[in-house]
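Any read-out appearing in this document is the output of simple, stated calculations on the displayed coordinates, not a laboratory observation. All values derive from a computational prediction rather than experimental measurement. For neighbour counting, all protein chains shown are included, and Cβ atoms are generated from backbone atoms with ideal geometry for every residue, glycine included.
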Amino acid sequence: MIDSLPKDKKIVLFDGVCNLCNGFVDKIIAKDKNDVFRFASLQSDIGIEIQKHLQLNPEQLDSVILYEPGVAYYHKSQAALRIINEFGGAWKLLQVFRILPKFVNDAVYNFVAKYRYKWFGQKETCRMPTPEERAKFLG
């Protein structure tokens, strides 16, 4: 299944039941004018397979992962900042946070991740793409 992933797309793995994460996916889709991204929930079969391929623990569902097949993968704050960089415009100003040490950015990321369900809630099931979005989702 890994071999069938699109090589020319950046793949975003997200917590499919997290309202904050789903809101982020909605924002990415809205800003993805150049059709750069594809999506899969961390809980999906393809999401689990990608995590295992990257030698990550699929039991830890507290991080967004940006996977660029054949290039690299990023998680937590690095993934979020790289995704936001693709938005262009004023969003690029957030790249200033990349000058901070990764452990600082990840500490903030981890704090939000720890309380995301409490602050933003969660769904009973993973996000289902609309018919218009379906081509952007893997698996």
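Residues 35, 62, ranked from the fewest to the most other C-beta atoms within 10 Å, line up as 35, 62.
Estimated from the Cβ-Cβ distance and a Förster radius of 35 angstrom, the FRET efficiency linking residue 114 and residue 52 is about 0.90.
Multiplying the residue separation of residue 104 and residue 133 by 0.36 nm and removing their Cα-Cα distance gives an extension gain of 7.0 nm. When 44, 63 are arranged by Cβ crowding within 10 Å, least crowded first, meaning fewest neighbours, the order is 44, 63.
By the count of neighbouring beta-carbon atoms within 10 Å, fewest first, 115, 74, 67, 109 end up ordered 115, 74, 109, 67.
Please report, in whole Å³, the volume per residue of the convex hull around the C-alpha atoms of the chain. Working shown, then result.
Numbers: hull volume 16.1 nm³, N = 139.
It is 116 Å³ per residue.
Using the Cβ-Cβ distance between residue 2 and residue 90 with R0 set to 30 Å, the FRET efficiency works out to roughly 0.25. With only Cα atoms counted, region 60-113 has Rg and Dmax values of 11.4, 33 Å.
Mind checking region 1-86 for GluC sites (Glu not before Pro) that DSSP puts in a loop (not H, G, I, E or B) and that have at most 10 other Cβ atoms within 10 Å? If you can, show how the numbers build up before the last one.
Working: sites: 49, 59, 86; in loops: 59, 86.
For GluC sites (Glu not before Pro) across region 1-86 that sit outside H, G, I, E and B with at most 10 neighbouring Cβ atoms in 10 Å, the list reads 59.
If each DSSP helix of 4+ residues adds -39,500 (n - 2.57) and the sum is divided by the residues in the chain, what number results at 222 nm, nearest 500 deg cm²/dmol? Spell out each step's value before the answer.
Numbers: 4 runs with 51 residues, N = 139.
Value at 222 nm, helices only, nearest 500: -11500 deg cm²/dmol.
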